[in-house]
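Engineer: Please read through the structure below; I'll follow up with questions.
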Amino acid sequence: MAQTYISKVIVDLWKQEVTLEWTGANAAIQEKGPFHCSPGEGVSGVNCDDVVTSKRGGTSCTPKGEFPVNYHERRFSQFPQAQWVTRFQDDSRGIALHYYPVVPEYPDSNGCVRIASLNAAKLIHDNTKSRQSVISVREELRPKFGIVLKHGAKGQDVRKVQRRLLEKGYRLGVDGDFGPRTEAVVKQFQKDKRLSADGVFGRQTYQVLFA
């Protein structure tokens, strides 16, 4: 009978979710998730959505792509809060999946993938195989927490806010331009959620939009 283990751990950076693919005789009955997680936010000025950049040391990005599991640890020696550690990418960066007691709804680590569920982190630790199981990191990051966007702003963060509003059912283009239409939609979202409807995207609106 084929041994049952996790063949792939899928990390969706946008949804901030981890899901599991199993192989073996009992694969169908295993827990698959999704489990809430938080990836690396990246240092200021670094574009972690770029695949090549995300793999570089010193960026605090969670590397994008597919990586074999390297090895497992019970916890990080320097950060004992990080438990049930599953290492991937290269050992020099110390990138891993692990449990952590604080897992917000925005990117907030130094490159590791923090998992909110202790049981899920242990499940991955105990059921992935070195050099056989694969960690697959996909999608783009949510905007950094603390950004303030308003009429006239342009760029990737604006596009990501527009994308999220579209996912929530609001009709608008996703062009990276915080123009009159985007301002009106932000105000409508704020009104719908009983927030201060000033059309400015800040911390409070972020927390509700990405909840």
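Engineer: Being free of Cβ contacts under 8 Å to residues at least 40 places away in the same chain, of a type in the set (Phe, Trp, Tyr) and touching a helix residue (DSSP H, G or I) at 6+ places or on another chain (Cβ under 9 Å) is the filter here; which residues of region 70-99 pass it?
Structural biologist: Hit for region 70-99 is Tyr99, nothing else.
Engineer: Here is a check on your reading of the model: is Val174 surrounded by 15 or more Cβ atoms within 10 Å (Cβ to Cβ) and in a loop (DSSP other than H, G, I, E, B)?
Structural biologist: Working: surrounded by 15 or more Cβ atoms within 10 Å (Cβ to Cβ): yes; in a loop (DSSP other than H, G, I, E, B): yes.
Taking the combined requirement at face value, the residue satisfies it.
Engineer: Still on this model: Name the residues in region 89-118 that are more than 16 Å from the chain's Cα centre (by Cα) and of a type outside the set (Gly, Ala, Ser), would you?
Structural biologist: Restricting attention to region 89-118, the residues satisfying the condition of being more than 16 Å from the chain's Cα centre (by Cα) are 89-94, 118.
Gln89, Asp90, Asp91, Arg93, Leu118, listed by residue number.
Engineer: Checking the structure you have, find out if any residue of region 93-108 is outside any loop (DSSP other than H, G, I, E, B) and of a type in the set (Lys, Arg).
Structural biologist: No: zero hits.
Engineer: With respect to Glu73, is the statement that it is charged (D, E, K, R), surrounded by 14 or more Cβ atoms within 10 Å (Cβ to Cβ) and in a strand (DSSP E or B) true?
Structural biologist: Answer is yes for this residue.
Engineer: Further question: Considering every residue within region 35-43, establish whether at least one is surrounded by fewer than 16 Cβ atoms within 10 Å (Cβ to Cβ) and of a type outside the set (A, V, I, L, M). Give the derivation first.
Structural biologist: Filtering region 35-43 for residues surrounded by fewer than 16 Cβ atoms within 10 Å (Cβ to Cβ) gives 43.
In the following step, the residues that additionally are of a type outside the set (A, V, I, L, M) were identified as none.
Checked against the condition, which is being surrounded by fewer than 16 Cβ atoms within 10 Å (Cβ to Cβ) and of a type outside the set (A, V, I, L, M), region 35-43 yields no hits at all.
Engineer: Does region 146-165 contain any residue that is surrounded by fewer than 17 Cβ atoms within 10 Å (Cβ to Cβ), free of Cβ contacts under 8 Å to residues at least 60 places away in the same chain and assigned to a strand (DSSP E or B)?
Structural biologist: There is at least one residue in region 146-165 that is surrounded by fewer than 17 Cβ atoms within 10 Å (Cβ to Cβ), free of Cβ contacts under 8 Å to residues at least 60 places away in the same chain and assigned to a strand (DSSP E or B).
Engineer: Scan region 45-81 for residues that are out of contact with any Cys (no Cβ under 7 Å at 6 or more places or on another chain), among the hydrophobic types (A, V, I, L, M, F, W, C) and within 18 Å of Ile115 (Cβ to Cβ) and jot them down.
Structural biologist: Matches in region 45-81: Phe67, Val69, Phe76, Phe79.
Engineer: Of the conditions (1) open to solvent by 60 Å² or more (accessible area, probe 1.4 Å); (2) among the hydroxyl-bearing types (Ser, Thr, Tyr); (3) touching a strand residue (DSSP E or B) at 6+ places or on another chain (Cβ under 7 Å), Ser60 clears all except one; give me its number.
Structural biologist: All conditions are met except number (1).
Engineer: Take the residues of region 181-204 that are over 15 Å from Lys168 (Cβ atoms), within 26 Å of the chain's Cα centre (by Cα) and of a type outside the set (Gly, Ala, Ser): which is surrounded by the most Cβ atoms within 10 Å (Cβ to Cβ)?
Structural biologist: Restricting to residues being over 15 Å from Lys168 (Cβ atoms), within 26 Å of the chain's Cα centre (by Cα) and of a type outside the set (Gly, Ala, Ser), the top hit is Val200.
The values are calculated or read from the model by the stated rules, or taken from the named source; none is laboratory data. The model shown is predicted, which means the values in this text are computed figures rather than measured ones. All Cβ positions, glycine included, derive from the backbone under ideal geometry; neighbour counts span all protein chains shown. We work out accessible area using only protein heavy atoms, side chains counted, and drop any ligands, DNA or RNA first. Shrake-Rupley method; radii C 1.70, N 1.55, O 1.52, S 1.80 Å.
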